[in-house]
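Only one structure is covered here, and it is reproduced in the block below.
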Amino acid sequence: NGAICIRPCSPSFHGETSFICEDRKWQMFTDACASLDVQSLFQPAHGKPGDGTKYFGADDHGNRNCQADFSCIIPDILSSPAIPGNIADIVELLKKISLLLSENVNRGKMQSYSRIANHILNSSTISNWAFVKDRNASSVLLDSVNLFAGKLLLRNGSESIQEHFISTKGYSIHKNTSAKSFDFNMEFNSTGNITGNVVIPEEELLKLPKTSKAISIAFPTLGAILETNRLDPVFVNGMVLSVSLPEELRHVLLTFEKVNKLENAQAQCVGWHSAERHWDNRACKMKSDNISSVVCICRHHRRTFKSFSILMSPNTLRNAVLDYITRVGLGLSIFSLIVCLAIEAVVWHHVTKTEITYMRHFCLVNIATSLLIADLLFILAAFFAHNTALNYQLCVAATFFLHFFYLALFFWMFTLGLLILYGLLLIFFKITRSVFMVAAFSIGYGCPLVISILTVAITEPKNGYLRIGACWLNWYETKALLAFVIPALSIILVNMVVVVVVVVKTGRSSVGEGCKSQDLSNMIRISKNVALLTPLLGLTWGFGLATILDSHSMAFHVTFALLNAFQGFFILLFGTLLDRKTREALRMSCLSSKRKCSLAK
């Protein structure tokens, strides 16, 4: 008779499989564990599983009304507490309704569906979502609502269904209509409302071959709910706006009011990737951004991008000074490194006559080469990250080589540090050039290659190699960035020890000499050694720790940007130009060139 059975989940029913059934009527039991048994709800009394016409008892007039608008289940659902177990079951219920009972979605059905969804989208339930076992539950909810609302039937060419935390609007559209706009003004929390706007441009409407419909759904709290299952520091800073459009329409214009109107934080337009279940900046481009709102142009796709919003990082410092320092510093660094390598090529035979000088200059050349390639790749990766039309694989490739060459930079600095210790401490131990070459290449390029390959092999299959919005290693999902941070910090610590050893050895060389002028020259010599070694051994990267410990301090960010953007210039200055033997060799090369020129004349 179309009976629907509900099994109560009270502790007193442990281990029992019996059901409580009532013909032509169903009843939900709310007890100690307060959880809906969705599987039981969707088992038909007669017919095959999945036969949606019998779920709500089609033989009875009252149940026909229930099947028409789901109104019979609303009182019990709304009276149940929105605890994690109930949230998961209601999400499953909405999913099954959208898959199996979404024929002829009229106003009554959509109102009931919206009321059920509104119950678990309430701003007071956001914290409970963090304890829902299925971490994809919020994504499933978004997909289910989009699917169900997309089948809404329009009365007289338009429809509008409003709840506190979900709003659905639909319009009939054709190519002769002007640009169609959906305006939303909804409650975000007890303190105020936020607004959102969806516009279908006229040039898009001209693509329509026949009269169609456009549906838009607004969720003021769903962005915060999606975040509870993610570890990103970025947060959704506006309502989530979904659109359901004909296949011919590809682009929409969306305006988001910012929830947190912070001056020093940069917004980012994103689309929710339904298949990969994460925010993707490739779906949208920013048109304008001010302190109160953001306008985005987004690409609609039925299978992947139907929902859009804006992200904001609370720790993003948007400052023109940092951008200027980075651009100027990188340009000067690349030029300096090219000059450095050119000078090394000119003076190579003059400065590599002994084993120790050969090894030193060999390390310096590889440090300069690694940094030069890394700087060029940094610019290339930034271009890929901002150009949404480019392929994802190009961004992965750029990140891999960027990771490899920055690691190579550090490992060659580590090799130079070991070489300095060898020269200071192991005076009577001789190492041959061939042994040094094998060891240096194994450390300088072998270790970075192994780390880079392992990182991409472990994280890329899980789509956790890249971070959102940048061609660089992910941190918040897979911690892939640790494959750069741990080796880099370890090498910085070792090289700090090297500098301390150099300072101690320099200080001991003048112990017993009491003359003030000699003390002063000793201090100058120590300071010069520290200044020479700091950029060559990568100690300037240690200032990155300060930006992590106090991410809001502009002073730390500017210092870090200055020291590292200009690192190529510092390598040229301290590693080449201030080296006495290099200057003498360069002078000899210049004099030799002049003599040759005179003889030729």
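The values are calculated or read from the model by the stated rules, or taken from the named source; none is laboratory data. Just so we're clear, the structure is a prediction, and the values are computed from it rather than from any experiment. As a convention, Cβ positions derive from the backbone with ideal geometry for all residues, glycine included, and neighbour counts pool all protein chains shown. Heads up: the accessible areas ignore ligands, DNA and RNA and are worked out on the full protein's heavy atoms, side chains in. Shrake-Rupley method; radii C 1.70, N 1.55, O 1.52, S 1.80 Å.
Among the residues of the stretch 99-118, which ones are buried (at least 22 other Cβ atoms within 10 Å of the Cβ) and either in a loop (DSSP other than H, G, I, E, B) or not hydrophobic (A, V, I, L, M, F, W, C) (or both)?
Within the stretch 99-118, 109, 113, 114 qualify.
What number of residues within the stretch 124-161 are touching a residue at least 24 places away in the same chain (Cβ under 8 Å), not β-branched (Val, Ile, Thr) and not in a helix (DSSP H, G or I)? Steps first, answer last, please.
Restricting attention to the stretch 124-161, the residues satisfying the condition of being touching a residue at least 24 places away in the same chain (Cβ under 8 Å) are 124-155, 159, 161.
This time we only want the ones that are not β-branched (Val, Ile, Thr), so: 124, 127-131, 133-139, 141-144, 146-155, 159.
Imposing the further condition that a residue be not in a helix (DSSP H, G or I) reduces the set to 133-136, 150-155, 159.
Going through the stretch 124-161 one residue at a time, the tally reaches 11.
Pairs please, first residue from the stretch 565-591 and within 18 Å of residue 416 (Cβ to Cβ), second anywhere and of a type in the set (Gly, Ala, Ser) and surrounded by fewer than 21 Cβ atoms within 10 Å (Cβ to Cβ), Cβ atoms under 7 Å, 6+ apart in sequence or on different chains.
Listed pairs, sorted by first residue: 574/531.
Taking the condition closer than 28 Å to residue 96 by Cα and crowded, with 21+ Cβ neighbours inside 10 Å, does residue 160 pass? Lay out the reasoning, then the answer.
Numbers: closer than 28 Å to residue 96 by Cα: yes; crowded, with 21+ Cβ neighbours inside 10 Å: no.
So residue 160 does not fit the description; no.
Output the number of the condition that residue 128 fails; it satisfies all remaining conditions of (1) surrounded by 19 or more Cβ atoms within 10 Å (Cβ to Cβ); (2) at pLDDT 90 or above.
(2)
So which residues in the stretch 386-441 are open to solvent by less than 70 Å² (accessible area, probe 1.4 Å), modelled with pLDDT of 85 or more and under 18 Å from residue 467 (Cβ atoms), if there are any at all?
Hits for the stretch 386-441 are 395, 396, 397, 398, 399, 400, 402, 403, 404, 406, 407.
Among the residues of the stretch 458-501, write down those that are over 21 Å from residue 409 (Cβ atoms) and among the β-branched types (Val, Ile, Thr).
458, 459, 468, 478, 500, 501
From the list 565, 585, 546, pick out the single residue that is open to solvent by less than 40 Å² (accessible area, probe 1.4 Å) and either touching a Lys or Arg at 6+ places or on another chain (Cβ under 6 Å) or modelled with pLDDT under 75 (or both). Break it down stepwise before answering.
Values: 565 fails: either touching a Lys or Arg at 6+ places or on another chain (Cβ under 6 Å) or modelled with pLDDT under 75 (or both); 585 fails: either touching a Lys or Arg at 6+ places or on another chain (Cβ under 6 Å) or modelled with pLDDT under 75 (or both).
Exactly one of 565, 585, 546 is open to solvent by less than 40 Å² (accessible area, probe 1.4 Å) and either touching a Lys or Arg at 6+ places or on another chain (Cβ under 6 Å) or modelled with pLDDT under 75 (or both), namely 546.
Filter the stretch 184-221 down to residues that are open to solvent by 40 Å² or more (accessible area, probe 1.4 Å) and either more than 14 Å from residue 160 (Cβ to Cβ) or modelled with pLDDT under 85 (or both), then give me how many there are. Please lay out each step first, then the result.
Just the residues of the stretch 184-221 that are open to solvent by 40 Å² or more (accessible area, probe 1.4 Å), to begin with: 185, 187-191, 193, 195, 202-203, 206-207, 209-211, 213.
Cutting the leftovers down to either more than 14 Å from residue 160 (Cβ to Cβ) or modelled with pLDDT under 85 (or both) gives us 185, 187-191, 193, 195, 202-203, 206-207, 209-211.
Count: 15.
Please specify each residue of the stretch 557-596 satisfying the condition of being assigned to a loop (DSSP other than H, G, I, E, B) and under 21 Å from residue 359 (Cα atoms).
Let us first name the residues in the stretch 557-596 that are assigned to a loop (DSSP other than H, G, I, E, B), namely 566, 578-579.
Once the filter is applied, which keeps residues that are assigned to a loop (DSSP other than H, G, I, E, B) and under 21 Å from residue 359 (Cα atoms), the stretch 557-596 yields 578, 579.
For residue 499, are the conditions met, namely being of a type outside the set (Lys, Arg), at pLDDT 70 or above and open to solvent by less than 20 Å² (accessible area, probe 1.4 Å)? It would help to see each step written out before you state the result.
Working: of a type outside the set (Lys, Arg): yes; at pLDDT 70 or above: yes; open to solvent by less than 20 Å² (accessible area, probe 1.4 Å): yes.
So residue 499 fits the description; yes.
Please list, ordered by first then second residue, the pairs with beta carbon atoms under 9 Å, 6 or more apart or interchain, first in the stretch 428-440 and within 13 Å of residue 356 (Cβ to Cβ) and assigned by the TED database to the domain that holds residue 408, second small (Gly, Ala, Ser) and open to solvent by less than 80 Å² (accessible area, probe 1.4 Å).
Within 9 Å, the pairs are 431/439.
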